[in-house]
Structures are given as C-alpha cells and as structure tokens.
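Visitor: One structure follows; several queries about it will come next.
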Protein chains: 2
Amino acid sequence: MNHNIQQFKADFFKALAHPMRIRILEVLSEGNKNVNELQSILGSEGSAVSQQLAVLRNKNIVFGLKDGTSVIYSLRDPLITDLLAVAKRIFDNHLVDAISLLEVIRNES
Amino acid sequence: MNHNIQQFKADFFKALAHPMRIRILEVLSEGNKNVNELQSILGSEGSAVSQQLAVLRNKNIVFGLKDGTSVIYSLRDPLITDLLAVAKRIFDNHLVDAISLLEVIRNES
DNA sequence: TTCCTATATTCAAAAGTTTAAAAACTAAGG
DNA sequence: CCTTAGTTTTTAAACTTTTGAATATAGGAA
C-alpha cells in the first residue's frame with residue numbers, strides 16, 4: 001500500500017516528464033483550449049498532441065469536454081499551475097548555469 | 001533553444017519519476033543523510049540506492065560530500081521541498097479516489 | 001607496511017517501458 | 001456521404017529498470 005502510494009506519485013511525475021506534455025500544461029494554465037488551438041500553439045501534428053493528451057487524461061491531470069466536433073481541454077486541479085510555478089523557480093535557479101555551460105561546450109567543439 | 005528548455009524541464013521531472021527517487025528526496029527534505037542511513041530508511045540494497053542517487057546527482061538535484069568512508073547527501077535547492085509539498089497537496093486531492101477505486105476493483109476480482 | 005573491513009559506486013545483461021510516426025478509425029455537422 | 005476534428009492502434013527504435021557481480025577507496029588492526 002505504501003509502495004502503491006510511492007508508485008502513484010512516480011506515475012504522476014512521469015506524466016510531466018515529456019517536453020510536449022509540460023508545454024500543454026503550461027498552455028492550459030493560461031486557460032482552456034481545444035485540440036486545434038493546442039496544435040497551432042505547439043506547432044505540432046494532431047495525432048502527436050492527442051497521444052500526449054491521452055497520457056495526461058489517463059493520469060487524471062486534464063480532462064476534455066466535447067463541444068460539437070471539438071474537444072475542450074482543462075486542468076483537473078488548479079494546483080498544477082502552482083506546481084509548474086515552483087518548478088519554474090527551480091529551473092531559473094539552475095538553467096542559466098546548465099545552458100550557458102552547454103553553449104560553452106558547443107562553441108568549443 | 002526553446003526546445004532545449006522544454007527538454008531540460010522534462011528531464012527534471014523525469015528525475016522525480018521513480019518511487020525510490022521521490023522517497024530519497026522526501027527523506028533528504030528532513031535533513032542530510034549518508035548512503036547507509038538512506039539504505040536503512042528505504043529498506044533497500046546499497047547498489048540500488050547508489051544508482052538512484054547517481055540519477056539525482058547527474059540532474060543536479062542532490063549532491064554528496066565525502067566524510068571519511070561515507071558520503072553525506074543533501075538537496076541542492078530547498079525549493080525541492082516546496083515542490084514536493086505542492087505535489088503532495090495534488091496527490092491528497094486525488095489519491096483517495098484513485099486508491100479506493102483500486103481497492104474496489106481488487107476486491108471484486 | 002600490508003591486509004581487512006565497511007562504505008559506496010560502477011558495470012553489464014535481461015526484462016520491461018516509452019517514444020515517434022504513420023495508418024486506420026470514429027463521430028459530428030454540413 | 002463528405003469533411004473536419006480528434007482518437008486509437010501499430011511498430012521499431014530508444015530508453016529505463018532491476019539484479020548481481022566487480023571495483024574503488026578510506027580507515028583501522030596486526
């Protein structure tokens with residue numbers, strides 16, 4: 001049971017562990033969007049976006065409501081926005097070093 | 001470059017996406033520990049713990065300082081504790097449903 | 001010094017999971 | 001019945017996990 005809880009937490013973070021899925025959550029933090037809008041904002045093909053939305057749906061992180069032929073997606077919990085905000089503060093603390101290091105390495109080779 | 005930033009964020013969440021790694025971060029949130037202490041708290045074998053610490057070290061989430069024959073690990077950024085606290089609030093909102101559902105399914109089969 | 005023990009890390013193989021891309025499918029409207 | 005919007009399925013390649021054995025290194029004892 002305790003093991004189940006840890007696995008549940010790991011699965012939650014696994015759902016965030018993908019560039020397009022993070023992007024989707026950042027976009028949905030600003031407001032609900034249908035799949036078409038997500039596609040244009042992310043500049044990605046439909047099936048790729050749907051596939052990642054399915055992962056987020058299966059983990060109960062987002063949900064979609066049908067509206068005619070389109071499906072409007074929303075965050076299931078507004079705390080996701082807070083989580084991304086804390087994560088952003090962590091990234092900002094470390095990204096500068098990590099990326100400038102990366103560029104030094106790149107320019108040297 | 002933008003793509004690099006999203007990949008960097010995804011890699012960060014990927015580092016959290018493992019039951020033992022989350023547990024390690026929760027334990028280190030309460031205070032620094034050497035590998036032996038982590039092993040007994042987690043009830044796991046040395047090589048498994050070391051391997052997961054290596055993942056967290058490589059993503060700059062923890063760091064280890066040698067002290068004689070042991071190595072004392074610490075969180076690199078105290079915001080990790082805040083992140084886990086927000087995540088915990090999200091889990092608490094959804095775990096109850098998810099796990100009681102799981103138990104219903106289990107008892108029925 | 002030389003060896004022994006405790007602590008921690010790395011390596012390697014097998015098993016399992018995730019990803020990306022394309023094709024096939026469904027469902028609502030016109 | 002055709003089009004548009006979205007989803008599902010399929011597959012190979014890439015990646016991660018788990019386990020045990022091998023390696024490294026600091027400190028103490030003989």
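Visitor: Would you check if A:LYS66 is farther than 19 Å from B:ASP82 by Cα and more than 11 Å from every other protein chain (Cβ to nearest Cβ)? Spell out how you get there, then give the answer.
Guide: Values: farther than 19 Å from B:ASP82 by Cα: yes; more than 11 Å from every other protein chain (Cβ to nearest Cβ): yes.
Yes: the conditions hold for A:LYS66.
Visitor: Return the residues of the range B:40-49 that are within 14 Å of another protein chain (Cβ to nearest Cβ) and free of Cβ contacts under 8 Å to residues at least 12 places away in the same chain; say none if nothing qualifies.
Guide: B:GLY43
Visitor: Take the residues in the range B:69-82 that are within 18 Å of B:LEU16 (Cβ to Cβ) and more than 14 Å from chain A (Cβ to nearest Cβ); name whichever of them is surrounded by the most Cβ atoms within 10 Å (Cβ to Cβ).
Guide: B:TYR73
Yes/no matrix, rows are residues, columns are (1) away from DNA strand D (no atom under 14 Å from the Cβ); (2) without any contact (Cβ under 8 Å) to a residue 12 or more places away in the chain; (3) more than 26 Å from B:LYS59 (Cβ to Cβ):
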{"residue": "A:LYS59", "(1), (2), (3)": "no, no, no"}
{"residue": "A:ILE72", "(1), (2), (3)": "no, no, yes"}
{"residue": "A:LEU84", "(1), (2), (3)": "yes, no, no"}
{"residue": "A:ASN93", "(1), (2), (3)": "yes, yes, no"}
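Visitor: I'd like the residue in the range B:40-53 that is within 7 Å of DNA strand C (Cβ to nearest atom) and modelled with pLDDT under 95 and, out of all such residues, is nearest to B:SER70 (Cα to Cα).
Guide: B:GLY46
Visitor: For the range B:21-39, which positions are surrounded by fewer than 18 Cβ atoms within 10 Å (Cβ to Cβ) and either away from DNA strand C (no atom under 12 Å from the Cβ) or without any contact (Cβ under 8 Å) to a residue 40 or more places away in the chain (or both)?
Guide: If the condition is that a residue be surrounded by fewer than 18 Cβ atoms within 10 Å (Cβ to Cβ) and either away from DNA strand C (no atom under 12 Å from the Cβ) or without any contact (Cβ under 8 Å) to a residue 40 or more places away in the chain (or both), then B:GLU26, B:VAL27, B:SER29, B:GLU30, B:GLY31, B:ASN34, B:VAL35, B:ASN36, B:GLU37, B:GLN39 are the ones that fit.
Visitor: Going by the conditions given, is A:PHE8 under 15 Å from B:ILE90 (Cα atoms), of a type outside the set (Val, Ile, Thr), at the interface with chain B (Cβ under 7 Å from one of its Cβ atoms) and within 12 Å of DNA strand D (Cβ to nearest atom)? Let's see the steps before the verdict.
Guide: Working: under 15 Å from B:ILE90 (Cα atoms): yes; of a type outside the set (Val, Ile, Thr): yes; at the interface with chain B (Cβ under 7 Å from one of its Cβ atoms): yes; within 12 Å of DNA strand D (Cβ to nearest atom): no.
Criteria not met by A:PHE8.
Visitor: So if I check each of B:LYS66, B:LYS9, which one is basic (Lys, Arg), farther than 19 Å from A:GLN6 by Cα and either in contact (Cβ under 8 Å) with a residue 40 or more places away in the chain or surrounded by 14 or more Cβ atoms within 10 Å (Cβ to Cβ) (or both)? If you could, list the steps in order and put the result at the bottom.
Guide: Numbers: B:LYS66 fails: either in contact (Cβ under 8 Å) with a residue 40 or more places away in the chain or surrounded by 14 or more Cβ atoms within 10 Å (Cβ to Cβ) (or both).
Sole residue among the options that is basic (Lys, Arg), farther than 19 Å from A:GLN6 by Cα and either in contact (Cβ under 8 Å) with a residue 40 or more places away in the chain or surrounded by 14 or more Cβ atoms within 10 Å (Cβ to Cβ) (or both): B:LYS9.
Visitor: Does A:GLN52 meet the test of being within 25 Å of B:ARG21 (Cβ to Cβ) and at the interface with another protein chain (Cβ under 8 Å from one of its Cβ atoms)?
Guide: Judged against the criteria, A:GLN52 is not a match.
The values are calculated or read from the model by the stated rules, or taken from the named source; none is laboratory data. Being a predicted model, the structure only gives us computed values, none of them experimental. Virtual Cβ from ideal backbone geometry, glycine too; neighbours counted across all protein chains shown.
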